Amino acid sequence: MKYIGKSVPRVDALEKVTGRAVYASDMTLPGQAYMKMLLAHRPHAIVKSVDTSAAESLPGVIAVLTSKDVPANEFGYYTYDQPVLCGPCAKPYADRVRYVGDRVAAVVAETEETARQAVDLIAVEYEDLPVVSDVEEALKPDAPVLHPDVGSNQFGHHFLENGDLAEGFRQADVIVEADYNTPAQEHAYLQTEAGLAYIDEDGRVAVITTGQWIAKDRKQMAHALGLPEDRVRVIYPMTGGAFGGREDISVQIIVALGALKLHERGIHRPVKVVWTREESILAHCKRHPFRVHARWGATRAGKIVAAEVKMLADGGAYKFTTSIVTSNSVLNSLGPYEIPNVRVDAYDVYTNNVPRGAFRGFGGPQGVYIAEQQVNKLADALGMDPIELRMRNLAGEGSLQTTGAPYPPGVTIREVTEQCALGAGWELFRDGTGWNRKAGYGETDQAQSHKRRGIGVACAHKNVGFSFGYPESCTVGIELYGGREIERVVIRHGASEVGMGTHTAITQMAAEALDIPMEQVELISSDTAEVEDAGSVSASRMTFFIGNAIKEGAEIALQKWRDEDRPVKITHTYWPHKTTPPDPVTGQCDPNVAYAYTTQAAEVVVDLETGLVEVEKIICAIDVGKAINPQQVVGQIEGGLIQSVGYAVLENFVEKDGRVLTANLSTYLVPTIADIPEKIDTIVMEIPDPRGPWGVRGLGEVMNMCLAAAVAAAVHSATGVWFDDFPLIPERVLRGLGKLNGRTP
Amino acid sequence: MSNHKINVTVNGEVEVVEVPANMTLLRMLREKLALTGTKNGCSAGECGACTVILNGEPVNSCMVLAVECDGASVMTIEGLSKDGQLHALQQAVIDQGAVQCGFCTPGVLMSAYALLQRNAKPTDEEIREALVGNLCRCTGYNRIVEAVKQAADQPETVAA
C-alpha cells in the first residue's frame with residue numbers, strides 16, 4: 001500500500017507547532033460581545049425567582065438571559081432531562097438546579113469582565129432541597145427525588161442472563177466474592193469549552209465550538225431553540241482534546257441563544273463564551289463511579305463456570321449517555337471470556353453529583369476492573385497462573401459472547417494475551433504447567449527495603465461503534481476534480497479532530513482508496529452546512545466507519561470518473577453489520593459491530609512507608625487490525641495508557657454532599673511528565689478485522705480498558721492485599737496495609 | 001481600572017500597548033496583539049499551556065501582569081520559527097509524533113526552548129524536570145521527551 005501503514009507527519013502538525021492552528025477559543029469575529037454564565041454552585045434547589053434588573057442596568061451589559069428566554073427549556077443526549085437555564089418556565093420541574101454546574105442565567109456584555117461583574121449582580125432566590133449524593137441513599141424510598149416526572153432516582157435497569165447460574169455455582173470448586181467501588185474521573189482536556197455564535201450569511205444561527213459530533217449538537221440546539229435543524233449550524237475547528245467529555249452539550253445552546261436574542265433585538269453581533277477551568281470541571285460530565293458486588297466461581301481445572309454481578313452506576317444529576325455506558329459496563333463486567341452461566345444487573349441512579357457521561361472506554365474500564373479483579377482473585381484462589389487461567393477461558397474465533405450471539409469475526413484476544421505474556425516475562429511450559437512467570441511477585445527492592453515490587457495482568461475487549469441495535473452509519477462526500485487525470489480530491493466529512501489524528505487518517509485512507517497523492521486530498525471538515533453526518537468521534541468508531549465509507553465510496557466515485565463525469569461529486573453512506581438491542585426478558589443480544597483487543601501487564605513499586613504506588617513499566621499488547629499511521633497509533637496508545645495510570649493511582653475526583661472539592665488542576669491531579677513509567681513496551685499487532693477497512697480495528701479507547709486492574713493485581717502481588725476500591729493513592733494504600741484508620745474520600 | 005502604556009518587545013518587535021492594570025501577559029498577547037498561539041488552559045498557573053519566554057526565562061503568562069513587562073522582552077510560539085524556517089524543536093515534535101490535540105504544544109515548545117537555551121545537551125531527567133509544569137493529556141509525554149532529545153542533537157533551525 002502506498003499511503004496506509006506509513007508514518008507520515010500529521011496533516012495538522014505544522015499548524016500546531018507554529019501556533020497557527022485555530023481552536024474555538026482563539027476565534028474572534030468583528031463586533032463580538034462576550035458571555036458569562038451563572039452556575040448554580042449549589043447541588044439541589046428550586047429557583048424561586050431570578051432578578052436581573054441590577055445586572056441589566058450595569059453599563060456595558062447588552063442582555064441577560066434566563067429560563068424565560070429559552071424556547072424549549074430542555075436538552076440531553078438521549079433524553080431531554082436537563083434545563084438549558086434553570087428557573088421558572090413552562091416546562092415542569094425546569095425550575096430546579098440538580099448539581100453545582102447547572103446554569104441559571106447568562107449575561108452578554110461588551111467585555112468578558114463586565115459580563116462577569118453582571119453575573120454577580122443577578123439575584124437568585126433559591127429554596128434549597130435535600131441533597132442525595134450516594135447511590136444507595138438515592139435508591140431508598142424516602143430519598144429526595146431529583147426528577148419528579150421520572151418518579152424515582154432509578155432511571156434505568158440493564159441486565160443479562162444466560163445459562164443456569166445456580167447450576168454454575170454448584171459446579172464451582174472455588175468462589176470469589178467482593179464489593180468494588182470505581183472512581184469518577186475528570187477528562188481534563190487542556191482546552192476548556194468554548195463557543196462563538198453568530199447569524200451566518202444564510203440567516204442560520206451558527207456556533208463555532210468544541211465537540212465530538214456536529215449533527216448531535218445541532219439536533220439538541222435546534223430543539224431547545226425551537227428552530228428547524230437546517231436553521232442551526234455547528235462548526236468545529238481544532239478541538240483541544242475530548243476523551244468523551246465533549247460528547248454532550250456544554251456552551252452551544254446558551255451562546256447561540258445569546259446571538260439569537262441580540263439578533264431579535266436588531267443587534268447584529270456575534271457572542272463568544274469560554275468556560276474557565278473551574279466552570280469546565282463543575283459543569284461537564286465525569287466518568288461514572290460504580291458500586292459493585294461480584295461473585296464468580298471456577299472449577300479446580302480452571303474453568304470459570306458462573307459469574308454474577310450487581311452494579312449501581314452513579315449517573316449524577318442528568319442522564320447524559322448513562323444508560324448506554326451502563327449497558328456497555330454490563331458486557332465488560334464479564335470480560336472477553338466464555339462463561340456459560342451469568343447474571344448481571346445494573347441500575348442507573350440519579351444523584352446530585354456532577355453528571356456522569358462518556359469517558360474513553362465508556363463504562364468499559366469500570367466493568368473490566370470488576371471482571372479482571374475477579375479473574376485474578378480466582379487465579380490466586382486456584383493457585384493458578386493468571387495468564388494460564390485466562391487462556392483456559394478466553395473467547396476464540398466462533399465463540400459465543402456472554403450475550404448469546406457469536407463474536408464478530410476476527411477474535412484475537414488469545415493471540416494478544418500471548419504476546420503480552422511473552423513480552424512481560426511469561427513462558428509457556430509444555431510439561432502441563434502451561435503459562436507461568438517464575439519471578440516478579442512480591443520481591444523486595446534490593447536497595448530500599450521498604451519498597452516492594454509486583455506485576456499484574458489484565459485484558460479486555462472494546463466495542464467499535466455504537467452498540468445494542470443503535471442504527472449506525474457514516475456518510476462522507478467525495479469529489480474528484482481534473483481533466484484527464486484526477487488533479488484534486490475533496491473529502492467532506494464530519495469527523496471532529498480532537499487530537500487523535502482523524503484528519504490525517506482520513507487523508508491517508510482517501511489517498512489510498514483513490515490512488516492519488518496525499519497532497520492532492522483536501523478536507524472540508526465538521527461544518528453542518530458543508531458536510532453530511534459521519535456520526536460521533538467516539539466508541540472507537542471513526543477510522544473504522546469513515547474508512548469503510550471512503551473505501552466503498554471511492555469505488556463508486558472512480559467508476560463515475562471512468563464514465564467521464566467531471567467533476568465527480570458523490571455522498572456515500574457505510575452501513576455496518578446490524579446489531580440488536582437486549583432481549584427484554586434475558587438481555588441477550590448481538591451487541592456490537594466489531595471489537596478491538598488488548599492485554600496489559602503492569603510492574604509497580606509500592607512504598608510500604610508512604611503508600612506511594614509507582615507504575616514502573618507497562619507492557620501493552622493491542623491488536624489494531626491495521627495501523628493506518630504506525631507512529632500515531634503508538635502515540636495514541638501511550639497517551640491512553642498514561643490516562644489509565646492516572647485513573648489507577650493518581651486521579652481522585654472528590655465530591656462532598658454534591659459539592660466538588662477538586663475543581664482545578666492543582667487539586668485534581670493528572671499525570672505530569674514526572675509521573676510516567678520509566679518504560680512502556682507497546683506491542684502493536686495487526687491481525688485484520690474482516691469488517692474493518694484494510695483490516696482496521698478501532699483504537700481510540702482500547703488501551704484505556706484494563707490498566708487499573710493490572711495495577712491492582714500488581715499491588716496485590718507486591719503487598720498481598722487486594723484493593724477493591726481505587727485510585728490507589730497513598731492514603732488508600734496505607735489504609736489497606738493497616739497503617740491508617742478511617743475511610744479514604 | 002487604570003490603563004497603562006507599556007513598551008514591550010515581542011518576538012523581536014517593539015510594541016507599545018495600552019493595558020489595564022489587572023491584565024495578564026497572557027491576555028495581552030491574545031487580546032491586544034492577536035497572538036493566539038499562546039493558549040489559556042486554566043488561568044491559574046497550573047497547566048503550562050500559556051508558557052512564554054520572558055527575559056529569557058519560561059513563565060506562565062497567566063501569572064504575570066502585563067504592566068510588569070514594561071521594558072521586557074517576550075518570546076511566544078509565533079517567534080520560534082524564523083523566516084519560514086522551523087526551529088529544530090518544532091521539526092522534532094513533528095518527526096517524533098509528539099503532537100496530538102496540540103493545545104499544550106506551544107507551551108511545551110516554549111519550556112523546551114528555554115531548557116535548550118541553558119542546557120544544550122539535557123539528560124532525560126533534565127528534560128522531565130524542565131517540562132514538569134506543562135500538562136499534556138493526549139501524548140503520555142514519551143514522544144515529547146524524544147522530540148527534545150532529537151532537537152538537542154541538531155543545529156538550531158532546519159528547513160521548513
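The values are calculated or read from the model by the stated rules, or taken from the named source; none is laboratory data. The shown structure was predicted, so the numbers you read here are calculated from the model rather than taken from an experiment. Cβ placement follows ideal geometry from the backbone for every residue including glycine, while neighbour counts extend to all protein chains displayed. The accessibility values were calculated without ligands, DNA or RNA, using every heavy atom of the protein model including side chains. Shrake-Rupley method; radii C 1.70, N 1.55, O 1.52, S 1.80 Å.
Conditions tested, residue by residue: (1) among the small types (Gly, Ala, Ser); (2) surrounded by fewer than 21 Cβ atoms within 10 Å (Cβ to Cβ); (3) in contact with a helix residue (DSSP H, G or I) (Cβ under 6 Å, 6 or more places away or on another chain).
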site	(1), (2), (3)
A:86	no, no, no
A:92	no, yes, no
A:96	no, no, no
A:100	no, no, yes
A:104	no, no, no
A:108	no, no, yes
A:117	no, yes, no
A:128	no, yes, no
A:134	no, yes, no
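Candidates are the residues of the range A:382-437 that are farther than 23 Å from residue A:690 by Cα and polar (S, T, N, Q); the one that is surrounded by the fewest Cβ atoms within 10 Å (Cβ to Cβ) is A:433. On the stretch given as the range B:61-96, residues that are free of Cβ contacts under 8 Å to residues at least 40 places away in the same chain, surrounded by 20 or more Cβ atoms within 10 Å (Cβ to Cβ) and more than 10 Å from chain A (Cβ to nearest Cβ) total 2. Within the range A:703-731, the set of residues being surrounded by 21 or more Cβ atoms within 10 Å (Cβ to Cβ) and touching a Phe, Trp or Tyr at 6+ places or on another chain (Cβ under 7 Å) comprises A:708, A:709, A:712, A:715, A:716, A:717, A:727.
Pick from the range A:354-373 the residues that are part of a loop (DSSP other than H, G, I, E, B) and among the aliphatic types (A, V, I, L, M): which of them is nearest to residue A:282 (Cα to Cα)?
Among those that are part of a loop (DSSP other than H, G, I, E, B) and among the aliphatic types (A, V, I, L, M), it is A:354.
Per the listing A:81, A:26, the residue uniquely closer than 23 Å to residue A:247 by Cα, open to solvent by 10 Å² or more (accessible area, probe 1.4 Å), within 11 Å of chain B (Cβ to nearest Cβ) and of a type in the set (D, E, K, R) is A:26.
Among the strands (runs of 3 or more DSSP E) contained in the range A:374-474, which hold 1 or more residues that are aliphatic (A, V, I, L, M), under 21 Å from residue A:160 (Cα atoms) and assigned by TED's automatic domain parsing to the domain that holds residue A:608? It would help to see each step written out before you state the result.
On the way: elements: A:427-429, A:434-436, A:451-464.
Those strands (runs of 3 or more DSSP E) span A:451-464.
Are any residues in the range A:258-273 more than 21 Å from residue A:212 (Cβ to Cβ) and under 30 Å from the mean Cα position of the chain (by Cα), and if so, which ones?
Taking the range A:258-273 and keeping what is more than 21 Å from residue A:212 (Cβ to Cβ), we get A:258-271.
A:258, A:271 - these are the residues of the range A:258-273 that are more than 21 Å from residue A:212 (Cβ to Cβ) and under 30 Å from the mean Cα position of the chain (by Cα).
For residue A:485, the stated conditions hold: it is modelled with pLDDT of 95 or more, surrounded by fewer than 23 Cβ atoms within 10 Å (Cβ to Cβ) and not assigned by TED's automatic domain parsing to the domain that holds residue A:681.
If a residue has to be hydroxyl-bearing (Ser, Thr, Tyr), surrounded by fewer than 24 Cβ atoms within 10 Å (Cβ to Cβ) and under 19 Å from the mean Cα position of the chain (by Cα) to count, how many in the range A:274-319 make the cut?
Residues in the range A:274-319 being hydroxyl-bearing (Ser, Thr, Tyr), surrounded by fewer than 24 Cβ atoms within 10 Å (Cβ to Cβ) and under 19 Å from the mean Cα position of the chain (by Cα): 0 in total.
Could you tell me whether residue A:231 is in contact with a strand residue (DSSP E or B) (Cβ under 6 Å, 6 or more places away or on another chain), among the charged types (D, E, K, R) and either over 21 Å from residue B:137 (Cβ atoms) or surrounded by fewer than 24 Cβ atoms within 10 Å (Cβ to Cβ) (or both)? Criteria not met by residue A:231. Could you list all residues from the range A:91-105 that are closer than 18 Å to residue A:132 by Cα and under 27 Å from the mean Cα position of the chain (by Cα)? Scanning the range A:91-105 gives A:97, A:98, A:99, A:100, A:101, A:102.
Taken over the range B:24-53, the criterion of being without any contact (Cβ under 8 Å) to a residue 12 or more places away in the chain and facing chain A (nearest Cβ under 7 Å) is satisfied by B:36 alone.
Give the range A:581-636 a look and list any residue that's open to solvent by less than 10 Å² (accessible area, probe 1.4 Å), more than 14 Å from every other protein chain (Cβ to nearest Cβ) and not in a strand (DSSP E or B), or say none. Scanning the range A:581-636 gives A:587, A:591, A:592, A:593, A:611, A:624, A:625. Pairs please, first residue from the range A:240-253 and at the interface with another protein chain (Cβ under 10 Å from one of its Cβ atoms) and closer than 19 Å to residue A:27 by Cα, second anywhere and assigned to a helix (DSSP H, G or I) and open to solvent by 10 Å² or more (accessible area, probe 1.4 Å), Cβ atoms under 9 Å, 6+ apart in sequence or on different chains. Every condition considered, the pairs that remain are A:240/A:25. A residue that is open to solvent by less than 20 Å² (accessible area, probe 1.4 Å) and farther than 30 Å from residue A:159 by Cα occurs somewhere in the range A:555-569.
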